[in-house]
């Protein structure tokens, strides 16, 4: 886990047990805006997203035939986040990570919101 006064990044396995893990994170339980990165280090694929309803969003991703092959989620949260901020962070992460070239992004957009 990475933590500083402004934000926290927590890593979890991306599988059906994730919902139980989310019950311990007040930003998820209280429907705060969050940013997340789904990834699989073996094939270097990733998906970057943002949501205010992580339960519904992850349930949808776990049912998706492409995204459910990813194995980890990095959840980025902060008491300072609002919807506008998470949209900007998501957009910038998509641009930075696609430009870096280490991960193939499976996002349907190129960071434009």
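Every number here is computed from the coordinates shown, using simple stated rules; none is lab data. All values reported here derive from a predicted model rather than from experimental measurement. Neighbour counts are summed over all protein chains in view; Cβ atoms, including those assigned to glycine, are modelled from backbone coordinates with ideal geometry.
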Tell me, what is the percent relative contact order of the chain, built from C-alpha pairs under 8 Å that lie six or more residues apart?
-> 32
Compute the FRET efficiency between residue 95 and residue 20 as 1/(1 + (r/R0)^6), taking r as their Cβ-Cβ distance and R0 = 22 Å, and round to the nearest 0.05.
-> 0.10
For labels at residue 42 and residue 56 in the simple 7 Å Cα→Cβ model, what's the distance in nm?
-> 3.2
With each pseudo-label sitting 7 Å past Cα toward Cβ, what's the residue 68-residue 6 distance in nm, one decimal?
-> 3.8
Where in the stretch 59-92 does the label zone of residue 106 land, with the point 7 angstrom along Cα→C-beta and an amide N cut-off under 11 Å?
-> 61-72
For the chain: Kirkwood Rh in Å [reciprocal of mean 1/r, alpha carbons] | 14.1
Shape call for the stretch 1-66 from the C-alpha gyration tensor, a ≥ b ≥ c root eigenvalues: rounded (a/c under 1.5), prolate (a/b greater than b/c) or oblate?
-> oblate
